[in-house]
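What follows is a short report on a single structure.
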Amino acid sequence: MELSVINIGNSKGIRLSKTILEKYSIGDKVELILEKGYIILKPKAEPRKGWDKAFKKMHENGDDQLLMDDVFEDENFEEWSK
């Protein structure tokens, strides 16, 4: 795909079509990677985005229970108090 480099104030830039922005989930920021003669634009990932909704849904479905006990029957807490 060929794009024109355009003037933006004292800088230059490229325009990405709405189709490309939607297809690659590009929002307000991208990560720019310079690698071996290439410029790579990568959508900026938002770690843990949507986790709040996912955890709420898990709770509503009862899927947020412990898979194993957090205290085992053979644990001796006295040895930690020394």
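The values are calculated or read from the model by the stated rules, or taken from the named source; none is laboratory data. Everything quoted here is computed from the prediction, not taken from an experiment. Because the Cβ atoms are built from the backbone with ideal geometry, glycine has one as well, and the counts that use them run over all protein chains shown.
Results for (1) in contact with a strand residue (DSSP E or B) (Cβ under 7 Å, 6 or more places away or on another chain); (2) at pLDDT 90 or above, shown as yes or no for each residue.
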site: MET1; (1), (2): no, no
site: LEU16; (1), (2): no, yes
site: ILE20; (1), (2): no, yes
site: LYS23; (1), (2): no, yes
site: ASP28; (1), (2): no, no
site: LEU34; (1), (2): no, yes
site: GLY37; (1), (2): no, yes
site: LYS44; (1), (2): yes, no
site: ASP69; (1), (2): no, no
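The residues of the range 33-46 that are closer than 18 Å to LEU3 by Cβ and either touching a Cys at 6+ places or on another chain (Cβ under 6 Å) or surrounded by 10 or more Cβ atoms within 10 Å (Cβ to Cβ) (or both), listed by number, are ILE33, ILE40, LEU41, LYS42, PRO43. Just so you know, in the range 47-82 the residues that are small (Gly, Ala, Ser) and loosely packed, with under 10 Cβ neighbours inside 10 Å include one that is farthest from the chain's Cα centre (by Cα), and it is SER81. Residue count for the range 13-24, restricted to those that are surrounded by fewer than 10 Cβ atoms within 10 Å (Cβ to Cβ) and under 14 Å from ILE39 (Cβ atoms): 0.
Report whether or not VAL5 is touching a Gly at 6+ places or on another chain (Cβ under 9 Å) and among the β-branched types (Val, Ile, Thr). For VAL5, the condition - touching a Gly at 6+ places or on another chain (Cβ under 9 Å) and among the β-branched types (Val, Ile, Thr) - is met.
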